[in-house]
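Undergrad: Before we start, here is the structure in question, set down as structure tokens.
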Amino acid sequence: MKFRGGHNILLQGRPEGMIKLMPEPEVLYLPLRSRRFSFGELCVEEGQQVNGGDVLARDLDNYSVPLLAPRAGRVRLTEREGHIVLEDVARLAEHAEIDDEDLPHIAQEMGASGIKRYRLLTLGAWQFFYDAYSGSLPDPLGRPQAIIVSTLSLEPFLARGDAQLHNRLLNFTRGLEQLQSLLEYQPIYLVMPDIKSEFANLIRNHIRGYASVKMVSIPLTYPYDDFSILARRLGLKRSEGPVWSVRTEGVLAVDRALTLSKPCLVRIISIGGTGVNYSTHISVMPGYPIQRIRDKYIFEPVSRIINGGILTGERLGPEALGLDTECRGLTVLPELQDREFLGFIRPGWDRSCYAACYLSSLRDKFRERLSTGLHGEGRPCVSCNFCEDVCPAGITPHLIHKYLYRDLIEEAEQARVDLCIECGLCSYVCPSKIDLRSQIIDSKVLIAKEKEEIRKEQLRQEELRKQEEARKQAEENSK
Amino acid sequence: MKQLLKIIEAIRPTFDEGGKLGILKPVFGALEHFFFAPSDTTIGAPHIRDPLDLKRFMSMVIISVVPCAFAAFYFFGWRFLAMVIVSYASGLAVEALFAMVRKEGINEGFFVTGILFPLILPPGTPLWMVGLGVAFGVFIGKELFGGTGRNVFNPALVGRCFLALAYPKAMSASYMKPSHDLLGCLLFKWLPPGTGVDAVTVATPLSVAKGGEYCSLSHLLFGSVSGSAGETSAILIILGGVFLLLTRVANWRTVVSILGSFLLLAGILHHGQPERFGPIMWHLCAGGLLFGTFFMATDPVTGPTTNSGKWLYGIIIGSVTVLIRNFTGYVEGVTFAILLGNITAPILDEIVFKVRLRRLASEE
Ligand code: SF4
Ligand code: SF4
């Protein structure tokens, strides 16, 4: 496959492959919002006693994905703004909340695969699926044209597929078979770094005959593991139906939900970055108190905790108390505080830069200790073209920036802002420190809003016309 | 360092909005940020940024012309230092004035113009002309368009073009014979030996060549010929140029396409009528071609941004230079060729973008 752009940022604090268990918590803070979901429909009452696996809330806009209680405990709804708090948390046998009475009904309507899909949704495995083009939650009852399974996560620093697969190869291949059973004849693409490796051979041996999986190898450059880039490169057309995509943890969740009929309550996330004393993977449940992770791993007094990777993650403010259901990793960066004396004429032996402007380009690859510093002042674009070179989507960020600067939204739309995958590399490389990524995202939102308005307007017109026609009809009839 | 920071903090209120010297805020800001990088942090994703900033970016250009500047000291005496100082002072004044009017920070772009400008002037240019030229270049070529990043023309070239058109006699009378001593003019000689202040016109290799006489290639390589202050030594220019290419500040496509098209066209001409047109290697090293290619044409702001645009841009500059040099009364065509290229750059970009957007429109 041919890719363009991309760039690997090497910085210190890459999590190692081990998985640490965190001590069981006494209290869980489950945020009602995460990146894609907003669990608006509460299903429990204040003070109610719940078991692990019970549904606490649902997101009605996203096919009613449930927010499951990770452990048994007592519900507090009003204690903390935006969170469901579980007190007196205990680890009891989890149970799966599937209404057995519903099942025959569903089976009749949608067949065996329908039951499976229903199970995925209610057992919390469906959350791990993404629509390759939009990144949103796909319709569980839809008919995908293909499934992309990726074992990679190239953004620094997110939970690595190899760490999650550790000792669970069997579950993984079983999960692939289960995925296959959801499909009719559509292909599953399994994306990995090297399809000739021993690991790939193991998988091949395991799944022989059970699942028709096409293995695809891609270079280990950020962000080639992005699903919409992969879908484009695999030649999948948007018009031919949705493409489901799922990562390692998703396949494992599918296995757990369908083979064992158990809810997926625990996640493996990474904790990394230059602000932690020990970068690793931890096995935690949603709602785990961030303060406890902080106490254990973070040593920098002034640091920024990021929910997700360094390039696309969101900052976790003090109001966030627990991990959300979609968290894939916490990254901690020290906040820049010092001012560097004559920074721009330093040789920069320990500074790595996209354009090789520091002495460090003479040495071997190394991992740099970066902070949140902007490293410079904002300036007008100098057309250095770095952003275009690095953009994996093949669009021209600086051109879009110039259009937006002059409020030319339509031109920006023609320049295909919608193809942007929000990887953040353009903002990263820009020497003028222009925040291209957020400008592009803002314009996307604006364009979507405008389109929505136009659609509404059209509907209104249509309605008016119909009314008019009906009136005429009535008049004619009465004549 | 701590002391300096303390002083800066102490006098900051004077320069703030409403302070006594509030109007000088851009100047103060530029000085402050010259010494101490700001401690601003990123707001949202991406949470880290490349360490490269515009100051470093521009410093790379300055570093790359340092060898040429030293060669200018060596060959043409310490008077050149005075030219550099005048150029910086006069240009900075214009830049600072506009920054104050516009209430923006002083832009790093000027530091490049300030050193490039004296390097493309004849070494004997009167100092008042240096000051006037750079002020004109910065004013007309840059500030009127809105400052660095928005300018269409390379300010240094605009300044030089202005001087060449306004004072052609004085300019061509300012070429000097370089020093041929072992130590050159390094031992605090103001001017090369044998040149008075009222210099007689000394022919440059290109103007001599109009009469059919070609000086030796080795002189061109080492720079012991007459010419603009920085452009005489091909070796040092190539050295600086390669440095720029390696750091990716200059784009190799522009360089390759200018030199490629130039060599091709000059080669064809020389092959056709060797007695009328000079040999290609000689053409390559004589005059300002190399200097213009490496340091002027690669200016990202005034060239096209797209890669395909850069190829076309290079071809235009390369071939126009050959045509001007060989078929017109002008001895040197690089300045005009690059300025012409600057004009076409936005058009080239526009065309490339049109094609690209059409291709993108079919993407899903
Ligand atoms: S424009 Fe979008 S896809 Fe391209 S580099 Fe920027 S954020 Fe990434
Ligand atoms: S990286 Fe920044 S300065 Fe360079 S072309 Fe893109 S927007 Fe302009």
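The values are calculated or read from the model by the stated rules, or taken from the named source; none is laboratory data. From a predicted model like this one, the values you see are computed outputs, not experimental measurements. Please note: Cβ atoms are built from the backbone with ideal geometry, for glycine as well, and neighbour counts cover all protein chains shown. Keep in mind that these areas ignore ligands, DNA and RNA; they rest on the heavy atoms of the full protein, side chains included. Shrake-Rupley method; radii C 1.70, N 1.55, O 1.52, S 1.80 Å.
Undergrad: Can you tell me which of (1) surrounded by fewer than 24 Cβ atoms within 10 Å (Cβ to Cβ); (2) part of a helix (DSSP H, G or I); (3) of a type outside the set (S, T, Y) is the one B:F277 doesn't meet?
TA: Checking B:F277 against (1) surrounded by fewer than 24 Cβ atoms within 10 Å (Cβ to Cβ); (2) part of a helix (DSSP H, G or I); (3) of a type outside the set (S, T, Y), the one that fails is (2).
Undergrad: As an exercise: evaluate B:T41 against (1) farther than 24 Å from B:L221 by Cβ; (2) touching a Phe, Trp or Tyr at 6+ places or on another chain (Cβ under 7 Å) and give the number of the one condition it does not meet.
TA: (2)
Undergrad: Just to check your reading of the model, which residue among A:R256, A:R247 is open to solvent by 10 Å² or more (accessible area, probe 1.4 Å), closer than 24 Å to A:L30 by Cα and more than 20 Å from the chain's Cα centre (by Cα)? Outline the logic, then answer.
TA: On the way: A:R247 fails: more than 20 Å from the chain's Cα centre (by Cα).
One residue alone meets the criteria, A:R256.
Undergrad: Can you find, within region B:145-178, the residue that is farthest from B:A69 (Cα to Cα) among those that are assigned to a helix (DSSP H, G or I) and within 14 Å of chain A (Cβ to nearest Cβ)?
TA: As a first pass, look at region B:145-178 and keep what is assigned to a helix (DSSP H, G or I): B:145, B:155-166, B:168-172.
Cutting the leftovers down to within 14 Å of chain A (Cβ to nearest Cβ) gives us B:145, B:155.
Values: B:F145: 29, B:P155: 19 Å.
The qualifying residue farthest from B:A69 (Cα to Cα) is B:F145.
Undergrad: Another question about this same structure. Restricting attention to region A:309-342, which residues are free of Cβ contacts under 8 Å to residues at least 12 places away in the same chain and of a type outside the set (D, E)?
TA: Going through region A:309-342, the residues free of Cβ contacts under 8 Å to residues at least 12 places away in the same chain turn out to be A:315, A:317-318, A:338-342.
Across region A:309-342, the qualifying residues are A:R315, A:G317, A:P318, A:R339, A:F341, A:L342.
Undergrad: Tell me, please, whether a residue that is more than 14 Å from chain A (Cβ to nearest Cβ) and surrounded by 24 or more Cβ atoms within 10 Å (Cβ to Cβ) can be found in region B:49-65. Even if it seems obvious, please write down each step before you answer.
TA: Quick first cut of region B:49-65, residues more than 14 Å from chain A (Cβ to nearest Cβ) only: B:65.
Within this subset, residues satisfying the condition of being surrounded by 24 or more Cβ atoms within 10 Å (Cβ to Cβ) are B:65.
Yes, region B:49-65 contains at least one residue that is more than 14 Å from chain A (Cβ to nearest Cβ) and surrounded by 24 or more Cβ atoms within 10 Å (Cβ to Cβ).
Undergrad: Does any residue of region B:248-269 turn out to be within 14 Å of chain A (Cβ to nearest Cβ), in a helix (DSSP H, G or I) and open to solvent by 30 Å² or more (accessible area, probe 1.4 Å)? Don't jump to the end; show me each part of the working.
TA: Of the residues in region B:248-269, the ones within 14 Å of chain A (Cβ to nearest Cβ) are B:248-254.
Next, only the ones that are in a helix (DSSP H, G or I) stay: B:252-254.
Checking the rest, the ones that are also open to solvent by 30 Å² or more (accessible area, probe 1.4 Å) come to B:252-253.
Looking for residues that are within 14 Å of chain A (Cβ to nearest Cβ), in a helix (DSSP H, G or I) and open to solvent by 30 Å² or more (accessible area, probe 1.4 Å), one finds at least one in region B:248-269, hence yes.
Undergrad: Here's another thing I want to ask about it. When you scan region A:460-478, do you find a residue that is crowded, with 18+ Cβ neighbours inside 10 Å and either at pLDDT 90 or above or assigned by TED's automatic domain parsing to the domain that holds A:Y130 (or both), even just one? Walk me through how you get there before you give the answer.
TA: We begin by selecting, within region A:460-478, every residue crowded, with 18+ Cβ neighbours inside 10 Å; these are none.
No: zero hits.
Undergrad: Next question. Determine if region B:97-104 includes at least one residue that is at pLDDT 90 or above, β-branched (V, I, T), assigned to a helix (DSSP H, G or I) and open to solvent by 10 Å² or more (accessible area, probe 1.4 Å).
TA: Here is the first cut: in region B:97-104, the ones at pLDDT 90 or above are none.
No, region B:97-104 contains no residue that is at pLDDT 90 or above, β-branched (V, I, T), assigned to a helix (DSSP H, G or I) and open to solvent by 10 Å² or more (accessible area, probe 1.4 Å).
Undergrad: Scan region A:115-141 for residues that are assigned to a loop (DSSP other than H, G, I, E, B) and open to solvent by less than 20 Å² (accessible area, probe 1.4 Å) and jot them down.
TA: Taking region A:115-141 and keeping what is assigned to a loop (DSSP other than H, G, I, E, B), we get A:123-125, A:132-141.
Of everything in region A:115-141, those that are assigned to a loop (DSSP other than H, G, I, E, B) and open to solvent by less than 20 Å² (accessible area, probe 1.4 Å) turn out to be A:L123, A:G124, A:A125, A:A132, A:L137, A:P138, A:P140.
Undergrad: List pairs: first in region A:380-393 and more than 7 Å from every other protein chain (Cβ to nearest Cβ) and open to solvent by less than 10 Å² (accessible area, probe 1.4 Å), second assigned to a helix (DSSP H, G or I) and more than 9 Å from ligand 2 (Cβ to nearest atom), Cβ under 6 Å, 6+ apart or cross-chain?
TA: Within 6 Å, the pairs are A:V390/A:L425; A:P392/A:I229; A:A393/A:L419.
Undergrad: Separate question: Just give me the residues in region B:216-247 being free of Cβ contacts under 8 Å to residues at least 24 places away in the same chain and not in a helix (DSSP H, G or I), in sequence order.
TA: B:S216
Undergrad: (1) surrounded by fewer than 18 Cβ atoms within 10 Å (Cβ to Cβ); (2) over 28 Å from the mean Cα position of the chain (by Cα); (3) within 11 Å of another protein chain (Cβ to nearest Cβ): which one isn't true of A:D364, the others all being true?
TA: Here A:D364 meets the rest and fails (3).
Undergrad: List, please: which pairs have Cβ atoms under 7 Å, are six or more places apart or on different chains, and start with a residue in region B:142-158 that is of a type outside the set (S, T, Y) and end with one that is within 16 Å of ligand 1 (Cβ to nearest atom)?
TA: B:G149/A:C381
Undergrad: Could you tell me whether A:A393 is part of a loop (DSSP other than H, G, I, E, B), closer than 27 Å to A:L234 by Cα and within 16 Å of ligand 2 (Cβ to nearest atom)? It would help to see each step written out before you state the result.
TA: Values: part of a loop (DSSP other than H, G, I, E, B): yes; closer than 27 Å to A:L234 by Cα: yes; within 16 Å of ligand 2 (Cβ to nearest atom): yes.
So A:A393 passes the test.
Undergrad: Tell me which residues, restricted to region B:288-322, are under 18 Å from B:I237 (Cα atoms), of a type in the set (V, I, T) and open to solvent by 10 Å² or more (accessible area, probe 1.4 Å).
TA: B:T298
Undergrad: Can you name the residue in region A:322-340 that is part of a strand (DSSP E or B) and more than 19 Å from the chain's Cα centre (by Cα) and, of all such residues, is surrounded by the fewest Cβ atoms within 10 Å (Cβ to Cβ)? Quick ask: steps written out before the conclusion?
TA: If we filter region A:322-340 for residues that are part of a strand (DSSP E or B), which is where we start, we get A:322, A:329-334.
From the residues that got through so far, the ones that are more than 19 Å from the chain's Cα centre (by Cα) too are A:333-334.
Details: A:L333: 27, A:P334: 20.
Per the stated criteria, the residue is A:P334.
Undergrad: Right, something else. When region A:400-428 is examined, which residues are found to be farther than 20 Å from A:I229 by Cβ, more than 9 Å from ligand 2 (Cβ to nearest atom) and open to solvent by 10 Å² or more (accessible area, probe 1.4 Å)? Show your work before the answer.
TA: Within region A:400-428, the first condition is being farther than 20 Å from A:I229 by Cβ, and the residues that meet it are A:401-414.
Filter again for more than 9 Å from ligand 2 (Cβ to nearest atom), leaving A:403-414.
Listed by number, the residues that qualify are A:Y403, A:L404, A:Y405, A:R406, A:D407, A:L408, A:I409, A:E410, A:E411, A:E413, A:Q414.
Undergrad: Let me ask another. Restricting attention to region A:25-83, report how many residues are under 25 Å from A:I306 (Cα atoms) and of a type in the set (S, T, Y).
TA: 3
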